[in-house]
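The values are calculated or read from the model by the stated rules, or taken from the named source; none is laboratory data. If you're wondering where the values come from, they're calculated on a predicted model, not measured in any experiment. Cβ placement follows ideal geometry from the backbone for every residue including glycine, while neighbour counts extend to all protein chains displayed.
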Amino acid sequence: MLAAVLVMLVLALMLGLVLGYSAIRFKVEGDPLVGKIDAILPQTQCGQCGYPGCKPYATAIANGEADINQCPPGGEAGMRALADLLGVEPRPMNEEHGVSKPKSVAVIDENVCIGCTLCIQACPVDAILGAAKHMHTVIASECTGCELCVAPCPVDCIVMVPLQESVANWKWRYPVHTIKQVA
Amino acid sequence: MSTPPYVLGNTPVGTIMFKVLLALVPGIVAYVWAFGSGILITLALASVTALVSEAIMLKLRRRPIKPSLSDNSALVTAWLLALALPPLAPWWLVVVGTLIAMVVAKQLYGGLGYNPFNPAMVGYAALLISFPVIMTQWPTPLEIAQIKLSFADQLAYIFNRVLPDAVQLDAISTATPLDYLKTELRLEHTMADIHQAPVFGVFGAKGGEIVITAYLLGGLYLMQQRIISWHIPVALLGGLAAIAGVFHLIDPQHYDSALFHLFNGAAMLGAFFIATDPVSGPTTPKGKLIFAASIGMLTWVIRTWGGYPDGVAFAVLLMNLCVPLIDAHTQPRVFGHDKS
Amino acid sequence: MISRLLKLNGGVHPPEHKLESTSRGIAAVPLAQTLVLPLRQHVGNLPKILVQPGEHVLKGQQLAEAVGSISAAVHAPTSGVIVSIEDQLIPHPSGLPDVSITLKADGEDRWMERKPVDWRNTERLQLVAGLRESGIVGMGGAAFPTQIKLRPGGGSGIKTLIINGAECEPYITCDDVLMRERADEIVKGIVIANYILAPERIIVGIEDNKPEAVQAMREACAKSDVRMDVIVVPTLYPSGDARRLAAILTGIEVPSDKRSSDAGLQVFNVATMMALYRYLELGETVVSRIVTVTGNVARPGNFEVPLGTPMGTLLEAAGGTLPNTNELIMGGPMMGFSLPSNDVPVIKATNCIIAGAPLLFPAPPPALACIRCARCAEACPVSLQPQELYWFAKSQNLEKAREYNLFDCIECGCCSYVCPSNIPLVQYYRFAKSEIIAQDKAKEAANLARERNEFRLSRIEREKQERAAKHAQRAAGAKAENAGDTSDADEAKKVAIAAAMERAKAQKEEAPPKNTDNISETAQAEIAAIDARRAEQKNAEQEN
C-alpha cells in the first residue's frame, strides 16, 4: 500500500518536473496571435467590422472581444482561415457588417472634383493624390476598395468600379467536364 | 470548348479490371480441375451479390450507377473473395462476405478509389474471425479424394448443407498443408514425416500447386499487359521467400522451405491479384517495394507464429494501414531537385 | 564524338500525325486586308505603343517598344495605316480581349530601310542591347524575349548551347520543314549566337522521326566554320521541353529554382536562330513566322504567315476547313488550347493551328474516380506524383500542392493522356497554380496596404506632435517678445507678416500637391498626364 502511494507520488513529481521544464524550455516568444490574425485579414482598412482598421480588429479578435465573421472583404474564405487559426467552429458571415462584394477600386470623376481633400483625409492607405482646390486622383494599384472615400465627398464624384477580368488577372477555372456537343 | 490534351491514350478502368478478370480464368479452370466445379457456384453467387449490392448502394448514395457498375471493379472484388473462400462454403457465407466487402469496405468509404482497405480482404478477414470453423474446412483435392461429389451434390451442399447418403463431412474435407504443418509441428513430428502426408504435392499443396501455378501464369500476363508493375509481385514473393528461406536454412526441422510457402495458401494470388489493388496500395515504386516485401514477411510470420494457417489477408490489411505513411516517405526525387 | 543520351523519365508516344503537313513545302499566305497585332505576344511586360491611329507605317517598323528588361517590341508586318488601338480578341486560353494595334494594309508591302548589323565587329553587350528592338522571342511557343537569354553570362558563361529542333508534340511540323528548307539560315543564326555566348559546345537536338531535317541540318552544319553537332534523340513526348532536352543531351538537370544559364546551358528553338540571323544580317525585324495548319483542313501544310493575319485567312490558304470542324486549336493536341474565334490573329507564339473535329479529337468520356494506379506518375517527365497533386488541387489544399512541387509541373498533359479514369488532371493543376498565384498577389497587395496604413498612422501621429511642438514654441516666443522693446517688436511683426504673405502667395501659385513624395514613376506620370489634361480643360474654358 505504502509502496504504491510512494510510486504514484514519485511518478507525479517526475512528470510535473518534465512538464515544468518543457514549459520553460519550449516557451513561445511574445504574442504572435494578433500578427497571425492580421496576416489573414485582407488589409482593406475599411472599418466595416466596427474597428478603425484591420490591426485593431485583429487585436479585438485576439482578445476575444470580436467575432471572426465581421470582415466582408475577407469573406467566407477569410472567416474559414480565421476559424482554422483559432481552432473555433466556422460560422455564417454576420451581415450586419455588410456583404462580400467583388473587389473594386475607387474612381474620381475628374470633371466634378472640386479639390476639397476630404477623400484624401479619409483614405486609409494614402492612395489618393491631390492638393486643395486641385483635382484628386486615385492610384488604382494601391486602392484597397474600402469605400471610405465615397461618403465624405461633397459632390459625389467618387464611384466604386469593380475590377474587370482581363488577360493579365485571368485565372484557370476549377475543371468541370463539359460534354462536347456532337454535331 | 474542350481542354487539352485533346487526345487520350489510356487504358480505361473497365478494361484494366476486365484484364484482371481474364488473368484469373486459368486459375479458375485449374481450380475446377483440382477441387471440383463447386467454385463456379461460389463465383456466381459472389458476382451477383456484389453487383446487386453495389447498385443498391450507389442508388442510396445518389451516384450514377452505370459507369460504376461497368468498370468491372465489383466483379474483381467478388472473384478474389470467392477464390479465397473454401470451395463448398455455404451460400450465406459467400453472400455475407461479399456484402461486407462491397457495402462496408468499399461503398461506405466512398466507392471505388476511396477505400483504404482491400475490400475482398476485409470481407475475408471478417468471415475468418466470425466463422473460423467453416473458413478452414477445405475439401480434399480430387486427386486423392475417395468420394467425388457431382455438380448437383455440390449445389445441394452449398445451399442446403446436405450431403449424399453415406457421405460424411470428414470424407470430403481435409486439412490444408499449411494447417497440417502447423498442427503436426506442434505435435513435434519431423518435417520429413509431415511431408509424407497425402495433401502435400510435388512442390506445394496437392492440387493447389496447379491452381497456384495458373495464378502465376495469369499474373505474368498482367505484367506483360502492363496492368500491374513488377514491383509488388516480385517484392511480395521475394520477401516471403527470403524470410522463409533464411529460417529454413537455420532450422529446416521447424521451418519449411521457401518453395513450400510460395506454392501454398494465398501467397501467389496475393502477390499478383490482391496486393496489386491500386486503390488500397502505395503509388510510388519504392513504396510498392516496401509495402509488398512487408506483406510477404508478415504473411510468413502469421503463418509460422500466428493463430491462423494463412496470413495473406491480415498482412495485406495491416500494410494497407501503413500506405499513407509509406507514400509520404517514399516520394521520388523530382526533376531538378536535390534528393530530399 | 559519341555521347550517351540520358533516358527521360516517363513520357508518352501519342500518334504523331506529322506526315499530313510535311508533304508540301513552306507556302506563302495572301496578305490579309487587316492585321491585328496584340501587344501581349511574349512573356513579360507589355510594350509601350509608339504610333497613333491614322499614322502610316512601313513593314518592319517598330510599333511598340520593349519596356523594362523582360519585354519585346512589336513591329508592323506590312506597310499600311494604323486603324485603331483598342481591345481585340487575342489567341489566349482565357478567350478575353486585350489591347491590340489594328493595321490596314496598303497592299504595297513596302519595307522600311533595313539596316544589317556588322555583328562580327560589334561589342557583344552592345549587340545584345540592340536586340531589344528586334522583337525576337522564343519561337517554339514559349515566347520568352530572346535578348535576355543571349546576355553573355560574364565569367560563369554558357558551356553548352543547345538548339532545339526536337519538336516532340504531335501534328506540329513547322520546325521540321524549317530545318529542311532553311537549314542554312538557322546555322547562320547559330553562328551569331555562338559569337555572343561563346559556348564550349553546340548541340542541335532533333527527334528521330525527322530524318530529312537531320540530313539537311547535318549538311548545313558541316559547311559552317563553327563546329556544331547534330544529335538525334529518340522520339518521345515531351523531349522537346527545354529542360528535358537539355537533360537528355547533356545529362545535366537544371535545378528547378534556377535558370538554364545558371547550369551553363542555354536552349534556343531553331526558328529563333533564324530570326536572329534575319535581324542582324538582313536587318529584318520579326514580322512573320512559319505556322503549321493541319487537322480537319483540305490541304494541310506549313505557311509563312505575316503576324497579325486572321486565322480564317490562314485556314483558307490551307484549302479551308472540312465539314464537321468544331473548333480551332492553337498549338499541339497535348498542350494547345481552343481559340475563341476564327478571327483571332496569328502571333509570335503560334506554331500550329489544328482544325478539330469530333472524329479527330473525340470528347473524353466522363471522368471517373482516381484509382491511384499511378500510371500518371509513370508518365510524368518531371517525376512528380500527379495523383497526389490531383487530390490536393481537387480539395483546394493549395499549400500542400505547392509543397508537392506543383510549380515544377510543365503542363505537358502526359498524366491526363494515360489516366484510366479520364480525369482532366492538367486542368486541375492549372487551376491550382493560377489560384496560388492570385492568392500570392493578394497577399502582396495586403502587405502593401498594411505598410501604407501603418505609415499613414505614424505620419498623422508625427504631424500631431509637430503641431503641438510648434504651438509650445510659439507660446514661448510670444512671451519673450512681450518682454522686449515694443517698437522693435512691432517692426519685426510687420516684417514677419509681409514675409508670411509673400510665402502664402508663392504657395498659392505653386500649390505643391500633398503626399506626392515617395510614389512610383508610373504614378508620377499619371499625375503629369492629369495635370496636362486639366490645363487643357482650363484653356478650353477660358476660350469659351
Problem - Leading residue by the ranking (surrounded by the most Cβ atoms within 10 Å (Cβ to Cβ)) among those in segment C:36-66 that are of a type in the set (A, V, I, L, M, F, W, C) and under 17 Å from C:HIS92 (Cα atoms) - result: C:LEU37
Exercise for the section: Could you check, for segment A:95-104, whether at least one of its residues is aliphatic (A, V, I, L, M) and surrounded by fewer than 16 Cβ atoms within 10 Å (Cβ to Cβ)? Expected result: yes
Practice task
Report the residue count in segment C:298-342 for those that are more than 14 Å from every other protein chain (Cβ to nearest Cβ), surrounded by 23 or more Cβ atoms within 10 Å (Cβ to Cβ) and touching an Asp or Glu at 6+ places or on another chain (Cβ under 6 Å).
Solution key: 1
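Limited to segment B:186-230, what total is found for residues that are at positive phi and crowded, with 17+ Cβ neighbours inside 10 Å? Steps first, please.
Filtering segment B:186-230 for residues at positive phi gives B:188, B:207, B:226.
With crowded, with 17+ Cβ neighbours inside 10 Å added as a condition, the list becomes B:207.
Residues flagged as at positive phi and crowded, with 17+ Cβ neighbours inside 10 Å within segment B:186-230 amount to 1.
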Completion exercise
Of the conditions (1) of a type outside the set (S, T, N, Q); (2) on the phi > 0 side of the Ramachandran plot; (3) not in a loop (DSSP other than H, G, I, E, B), the single one that C:ALA27 does not satisfy is (2)
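Which ones in segment C:243-270 are basic (Lys, Arg) and at pLDDT below 90? It would help to see each step written out before you state the result.
First pass over segment C:243-270, keeping only residues basic (Lys, Arg): C:243-244, C:258-259.
Scanning segment C:243-270 gives C:LYS258, C:ARG259.
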Problem - Failed criterion for B:ALA126 (all others in (1) at pLDDT 90 or above; (2) exposed (fewer than 13 other Cβ atoms within 10 Å of the Cβ) hold) - result: (2)
Completion exercise
Pairs returned, first residue in segment C:363-377 that is within 11 Å of chain A (Cβ to nearest Cβ) and free of Cβ contacts under 8 Å to residues at least 40 places away in the same chain, second residue that is hydrophobic (A, V, I, L, M, F, W, C) and in a loop (DSSP other than H, G, I, E, B), beta-carbon separation under 6 angstrom, 6 or more apart or interchain, are none
Exercise for the section: Within segment A:51-110, track down each residue that is charged (D, E, K, R) and in a loop (DSSP other than H, G, I, E, B). Expected result: A:GLU65, A:ASP67, A:GLU89, A:ARG91, A:LYS101, A:LYS103, A:ASP109, A:GLU110
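Going through segment C:69-93 one residue at a time, which ones are surrounded by fewer than 18 Cβ atoms within 10 Å (Cβ to Cβ) and under 28 Å from C:MET335 (Cβ atoms)?
C:SER69, C:ILE70, C:ASP87
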Handout entry: Check on C:ARG114, free of Cβ contacts under 8 Å to residues at least 60 places away in the same chain and not hydrophobic (A, V, I, L, M, F, W, C)
Key = no
Completion exercise
Being under 17 Å from the mean Cα position of the chain (by Cα), surrounded by 17 or more Cβ atoms within 10 Å (Cβ to Cβ), within 14 Å of another protein chain (Cβ to nearest Cβ) and not polar (S, T, N, Q) narrows B:VAL76, B:VAL94 down to just B:VAL76
Problem - Pairs where the first residue, in segment C:53-70, is in a strand (DSSP E or B) and the second is among the aromatic types (Phe, Trp, Tyr), C-beta under 9 Å, 6+ apart - result: C:LYS59/C:TRP111
Practice task
Pick out the one residue from B:LEU298, B:LEU289, B:LEU318 that is at pLDDT 95 or above and surrounded by fewer than 20 Cβ atoms within 10 Å (Cβ to Cβ).
Solution key: B:LEU318
Problem - Members of segment A:49-65 found to be away from every other protein chain (no Cβ under 14 Å) and buried (at least 19 other Cβ atoms within 10 Å of the Cβ), listed by number - result: A:CYS49, A:ILE61
Exercise for the section: Starting from segment A:35-47, keep only residues that are touching a residue at least 40 places away in the same chain (Cβ under 8 Å), then list their pairs with residues that are among the basic types (Lys, Arg) whose Cβ atoms are within a distance under 6 Å, requiring at least 6 positions of separation or different chains. Expected result: A:GLN43/C:ARG450
Fill in the blank from the handout: By residue number, the members of segment C:412-438 that are within 10 Å of chain B (Cβ to nearest Cβ), in a helix (DSSP H, G or I) and either of a type in the set (Lys, Arg) or surrounded by fewer than 20 Cβ atoms within 10 Å (Cβ to Cβ) (or both) are C:ARG430
Exercise for the section: Count, please, the residues in segment C:178-201 that happen to be over 24 Å from the mean Cα position of the chain (by Cα), more than 15 Å from C:CYS221 (Cβ to Cβ) and surrounded by 23 or more Cβ atoms within 10 Å (Cβ to Cβ). Expected result: 0
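Every residue, every condition in (1) in contact (Cβ under 8 Å) with a residue 40 or more places away in the chain; (2) surrounded by fewer than 22 Cβ atoms within 10 Å (Cβ to Cβ); (3) away from chain C (no Cβ under 11 Å); (4) not hydroxyl-bearing (Ser, Thr, Tyr), yes or no:
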residue: B:THR15; (1), (2), (3), (4): no, yes, no, no
residue: B:LYS19; (1), (2), (3), (4): yes, yes, yes, yes
residue: B:ILE28; (1), (2), (3), (4): yes, yes, yes, yes
residue: B:PHE35; (1), (2), (3), (4): yes, no, yes, yes
residue: B:LEU40; (1), (2), (3), (4): no, yes, yes, yes
residue: B:THR49; (1), (2), (3), (4): yes, no, yes, no
residue: B:ARG61; (1), (2), (3), (4): yes, yes, yes, yes
residue: B:PRO64; (1), (2), (3), (4): no, yes, no, yes
Fill in the blank from the handout: Note on segment C:78-90: residues part of a loop (DSSP other than H, G, I, E, B), more than 19 Å from the chain's Cα centre (by Cα) and not polar (S, T, N, Q) are none
Exercise for the section: Specify which of the listed residues (A:GLU110, A:GLU142) is of a type in the set (D, E, K, R), within 17 Å of the chain's Cα centre (by Cα) and not assigned by TED's automatic domain parsing to the domain that holds A:GLN48. Expected result: A:GLU142
Exercise for the section: Name the one entry in C:CYS380, C:CYS409 that is within 13 Å of chain A (Cβ to nearest Cβ) and either surrounded by fewer than 24 Cβ atoms within 10 Å (Cβ to Cβ) or in contact with a Pro (Cβ under 9 Å, 6 or more places away or on another chain) (or both). Expected result: C:CYS409
Practice task
Among what's in segment A:118-148 and is closer than 20 Å to C:ALA532 by Cα and part of a loop (DSSP other than H, G, I, E, B), pick the residue that is farthest from the other protein chains (Cβ to nearest Cβ).
Solution key: A:HIS136
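Going through C:ILE172, C:ILE148, C:ILE101 one at a time, which residue ends up being within 22 Å of C:ARG201 (Cα to Cα), hydrophobic (A, V, I, L, M, F, W, C) and buried (at least 17 other Cβ atoms within 10 Å of the Cβ)? Steps first, please.
Values: C:ILE172 fails: within 22 Å of C:ARG201 (Cα to Cα); C:ILE101 fails: within 22 Å of C:ARG201 (Cα to Cα).
After ruling out the rest, the residue left standing is C:ILE148.
I need the helices (runs of 4 or more DSSP H) fully contained in segment B:226-340, keeping only those with at least 3 residues that are within 14 Å of chain C (Cβ to nearest Cβ).
Details: elements: B:231-250, B:258-262, B:285-305, B:312-329.
In segment B:226-340, B:285-305, B:312-329 are the helices (runs of 4 or more DSSP H) which contain 3 or more residues that are within 14 Å of chain C (Cβ to nearest Cβ).
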Fill in the blank from the handout: Conditions (1) polar (S, T, N, Q); (2) more than 26 Å from B:ALA235 (Cα to Cα); (3) surrounded by 17 or more Cβ atoms within 10 Å (Cβ to Cβ) -> B:THR183 fails only (3)
Exercise for the section: Give segment C:343-358 a look and list any residue that's within 14 Å of chain A (Cβ to nearest Cβ), assigned to a loop (DSSP other than H, G, I, E, B) and in contact (Cβ under 8 Å) with a residue 40 or more places away in the chain, or say none. Expected result: C:VAL344, C:ILE347, C:ALA349, C:ALA357
Exercise for the section: Go through segment B:125-198 and tell me which helices (runs of 4 or more DSSP H), entirely inside it, have 3 or more residues that are over 23 Å from B:ALA34 (Cα atoms). Expected result: B:177-186, B:191-194
